[in-house]
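Student: Have a look at the structure that comes next, please.
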Amino acid sequence: MKRLIKKLVPEGAVLAYHYIVAVLASLVYRLPSRKMIVIGVTGTKGKTSAINFIWSVLTNGGYKTGIISTANIRIGEREVLNKYHMTMPGRFTIQKLLSEMVKAGCKYCLVETTSEGLKQYRHIGVYYDFAVFMNLSPEHLESHGGSFARYKEAKGKMFKALTSHRKILDGKKVEKVIIANKDNEYADYFLQFPADKKIIFGLKSGGDYRATDIVKEKNEIEFKAGGHEFELNIPGRFNIYNALPAIIVGHLAGINNELIADGLEQLRVIPGRMERIDAGQDFMVIVDYAHEKESITNVLETANKIKDEDNKVVILLGAEGGGRDRAKRPVMGELTGKRADYVVVSNVDPYDDDPNEILEDIALAAEQAGKVRNENLFVIEDRREGISKALTLASSGDVVLITGKGAEQSMIVGKQRIAWDDRMVVKEELLKLKV
């Protein structure tokens with residue numbers, strides 16, 4: 001039905017409808033975002049992790065903070081998983097959540113902001129004060145006419161809107177701040193927008209917030225930034241990029257380095273983001289949302305560094321249907337074919353598309369990269385069966401990566417929305433192995 005409506009109704013009319021609904025929702029809930037410091041985080045990957053690191057630092061610094069992210073929603077210490085199957089929920093839902101944060105006494109609000117959400121005006125009535133740019137690489141281009149330039153411009157809407165309004169909270173003018181990953185080639189585009197402060201970070205370049213002296217262990221990572229030492233208990237070198245904005249925001253909020261360091265160290269679980277699942281097995285299982293080239297590369301690199309030389313990496317992956325980016329399927333297939341020892345291809349969210357076609361787009365590329373079907377490459381449409389297969393392929397000391405859905409709470413097959421949680425399914429299948 002949605003596809004039919006999209007074909008029959010001009011896009012401009014649909015977007016106008018989205019805009020009107022967003023304005024109405026913000027008025028109904030009395031513009032709650034004007035009563036908090038709102039931090040928007042955008043980028044192709046790392047948004048959810050960055051938001052949770054920032055939340056942990058602000059909370060440890062004594063600030064009650066709310067978040068809306070792909071994985072989880074927090075109002076102060078209260079946390080629920082995002083059940084909406086979209087990063088930015090509907091406009092009335094967003095405004096309702098913001099209103100609840102205000103009522104709970106939240107000083108800060110963190111909003112994971114997507115190109116699709118910006119295109120559909122879900123940001124209208126969300127008055128941003130800080131805009132954080134993580135990175136940019138091709139994804140969701142089908143929603144932007146196949147144009148990377150339009151995808152980038154959609155992300156830029158959050159930065160463009162930054163200085164269109166001003167807030168005074170507790171008698172003080174709230175500064176407008178842009179925080180950008182200078183290591184990404186598109187950082188300058190986002191830094192061009194006006195702001196009171198512009199702060200850069202990175203591992204290669206990043207001014208005062210350049211990470212150095214990186215020490216990696218199996219389950220943690222240490223680094224320095226601005227001459228101070230920090231430690232993360234979530235693995236992956238890429239998580240340094242996700243943690244640096246939290247250090248910056250912490251400093252802007254007046255939090256000292258000791259409390260910032262404690263806040264980063266105390267965060268041990270981000271739902272569905274490099275989340276370890278332990279049911280007493282003698283191999284490591286990690287559930288991660290990775291679903292495109294860069295994130296798949298990152299989790300594979302991390303897994304290969306975590307494991308011992310003689311051990312294996314098993315990965316389960318898939319791709320979305322519903323007209324979403326087909327071009328990434330063979331890219332992910334080639335990557336996993338080259339960098340994992342075993343590859344299991346299974347459903348993610350096929351929507352109305354033919355699941356087999358999606359899986360074969362990935363599997364054929366993995367074969368071309370050297371994998372052999374039914375030896376070290378398996379195509380299993382049913383996701384539970386696929387997860388079970390991936391786990392049975394593992395031996396002591398191996399690393400199993402279950403990617404593509406993270407902590408999403410449903411899976412869409414055809415017209416059915418099926419209750420689903422990779423983390424729960426993995427635990428159930430691990431327990432079966434013990435029987």
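Student: Would you mind calculating the gained length between residue 24 and residue 416 on full extension (0.36 nm times residue separation, minus the Cα-Cα distance), in nm to one decimal?
Tutor: Here the answer is 138.1 nm.
Student: Quick one: Cα centre-to-centre distance for the range 38-88 and the range 323-363, in angstrom?
Tutor: Using only Cα atoms to place each centre, the spacing works out to 29 Å.
Student: Given the options 86, 36, 274, which has the most mean-square fluctuation in a GNM of the chain, springs set between C-alpha atoms less than 10 angstrom apart?
Tutor: The residue with the greatest mean-square fluctuation here is 86.
Student: Roughly how many Å is it from the Cα centre of the range 275-320 to that of the range 206-269, as a whole number?
Tutor: When both Cα centres are located, 22 Å separates them.
Student: A further question on this structure: Spin-label point model (7 Å from Cα, Cβ direction): what's the residue 338 to residue 196 distance in nm?
Tutor: 4.7
Student: Mind listing which trypsin sites (Lys or Arg not before Pro) in the range 376-435 are in a DSSP loop and have 15 or fewer other Cβ atoms within 10 Å?
Tutor: For trypsin sites (Lys or Arg not before Pro) across the range 376-435 that sit outside H, G, I, E and B with at most 15 neighbouring Cβ atoms in 10 Å, the list reads 415.
Student: Please state the Cα pair-distance histogram of the range 275-434 with 10 angstrom bins from zero: what percent is in each bin?
Tutor: Histogram of Cα-Cα distances, whole percents per bin: 12, 45, 36, 7, 0.
Student: Please find the FRET efficiency linking residue 327 to residue 85, where r is the Cβ-Cβ separation and R0 is fixed at 22 Å, and quote it to the nearest 0.05.
Tutor: Working: r = 23 Å, r/R0 = 1.03.
Between residue 327 and residue 85 the formula returns 0.45.
Student: In nm, what is the difference between 0.36 nm times the number of residues separating residue 279 and residue 150 and their Cα-Cα distance?
Tutor: 42.0 nm
Student: Another question, then. Could you identify which residue out of 174, 285, 400 has the top mean-square fluctuation in a GNM of the chain using Cα springs shorter than 10 Å?
Tutor: 174
Student: Please find, in a Gaussian network model of the chain (springs between Cα atoms separated by less than 10 Å), the residue of 17, 63, 186 whose mean-square fluctuation is greatest.
Tutor: Judging by the Gaussian network model, the answer is 17.
Student: Take residue 256 and residue 216, extend 7 Å from each Cα along the Cα→Cβ direction, and tell me the distance between the two endpoints in nm.
Tutor: Spacing of the two 7 Å Cα→Cβ label points: 3.4 nm.
Student: While we're on this one: For residue 199, which sequence-distant residues (separation of 5 or more, or a different chain) have an amide H within less than 5 Å of its own amide H, given hydrogens modelled in the peptide plane?
Tutor: Answer set, sorted by chain and number: 178, 179, 180.
Student: Just want the answer: with Cβ charges of +1 for Lys and Arg and -1 for Asp and Glu, which residue in 402, 392, 412 is farthest toward the dipole's positive end in the range 362-435?
Tutor: Of the candidates, 412 comes out farthest on the positive side.
Student: How far, in degrees from 0 to 90, does helix 47-60 lean away from the longest principal axis of the Cα atoms of the chain, to the nearest 10?
Tutor: Once rounded, the angle reads 60 degrees.
Student: What do you get for trypsin sites (Lys or Arg not before Pro) in the range 213-257 restricted to DSSP loop and a cutoff of at most 15 other Cβ within 10 Å of the site's Cβ? Please report the intermediate quantities before stating the final value.
Tutor: On the way: sites: 216, 218, 224, 237; in loops: 218, 237.
Here the trypsin sites (Lys or Arg not before Pro) that fit, given the DSSP loop and packing criteria, are 218.
Student: Using DSSP to call loops (not H, G, I, E or B), can you name the GluC sites (Glu not before Pro) in the range 329-435 whose Cβ has at most 16 other Cβ atoms within 10 angstrom?
Tutor: The qualifying sites are 375, 381.
Student: Using the basic label-point model (7 angstrom from Cα toward the beta carbon), what is the residue 352 to residue 266 distance in nanometres?
Tutor: Result: 4.8 nm between the two label points.
Student: Still on this structure, I have one more. Where Lys and Arg each count +1 and Asp and Glu each count -1, what net charge lies around residue 173 among other residues with Cβ under 14 Å from its Cβ? Before the final figure, lay out each step's value.
Tutor: Values: positive: 34, 166, 167, 172, 176, 197; negative: 129, 170, 175, 196.
Once all neighbours under 14 Å are counted, the net charge is +2.
Student: Now for a different question. Rounding to the nearest 10 and keeping the result within 0 to 90°, find how far the Cα-based axis of helix 257-266 lies from the longest principal axis of the chain.
Tutor: 40
Student: Let me know the charge dipole size of the chain about its Cα centre in debye, to the nearest 20, where only the beta-carbon of Lys, Arg (+1) and Asp, Glu (-1) is charged.
Tutor: Values: 63 positive and 58 negative charges, 434 e Å.
Using only the charged Cβ atoms, the result is roughly 2080 debye.
Student: What full-extension length gain, to one decimal in nm, is calculated for residue 96 and residue 433 as 0.36 nm per residue of separation minus the Cα-Cα distance?
Tutor: Residue separation times 0.36 nm, minus the Cα-Cα distance, leaves 117.0 nm.
Student: Straight distance only, please: which lysines reach the Cα of residue 83 with their own Cα at less than 16 Å, same-chain residues fewer than 8 apart left out?
Tutor: Within reach: 96, 405.
All of the numbers you see were taken from the coordinates with simple rules; none came from a lab. These numbers come from a predicted model, not from an experiment. Here Cβ is always computed from backbone atoms with ideal geometry, including for glycine, and neighbour counts include all displayed protein chains.
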